[in-house]
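Computed from the coordinates by the stated procedures, all read-outs in this text should not be read as laboratory data. Note that the structure is a prediction, hence the values are computed from the model and not measured. FYI the Cβ positions are ideal-geometry reconstructions off the backbone, even for glycines, and counts take in every protein chain you see.
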Amino acid sequence: MQLRPHQALEMLYANAGKLYDIDMVKLFRNNVAIYPLGLSVSLSTGEKGIVSRLNNHSMQRPVVRVLRTSTGQELKEPYEVDLSRTLNIMIEEIGEQLVV
């Protein structure tokens, strides 16, 4: 079974206090980018792009440079979406094949 990064983090939290020390889970969450720079992503809007920047205050909500529309058309002028400020947009899928 393959989990998305946010699903894996949820599993860690679900088992914190039972299988994992809660303080260690929080330390992991606060210091590890579950969506690293350059990762290809598909957003809940259907748009596709790459993680272009990390948010130190919210490692789970990076900045995504949108490269393709929801219909798959390449944008002539890509733009960035800061997921820490745009809470209604989520990362739905990850992987290199999404943007190519």
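The angle between the Cα long axis of helix 22-31 and the longest principal axis of the Cα atoms of the chain comes to about 30 degrees, rounded to the nearest 10.
Helix 5-14 and the longest principal axis of the Cα set of the chain meet at an angle near 20°.
Annotation for the chain: trypsin sites (Lys or Arg not before Pro) lying in DSSP loop with at most 13 further Cβ atoms inside 10 Å of their Cβ are Lys18, Arg85. Bridging of Lys76 to lysines at a Cα separation below 16 Å is possible for Lys48, once same-chain residues fewer than 8 apart are set aside. Its Cα gyration tensor gives the range 36-100 an equivalent ellipsoid. The semi-axes, each the square root of 5 times an eigenvalue, are 18, 12, 11 Å from largest down. Within the same chain, lysines fewer than 8 places from Lys18 are excluded, and of the rest, those with a Cα less than 20 Å from its Cα are Lys26.
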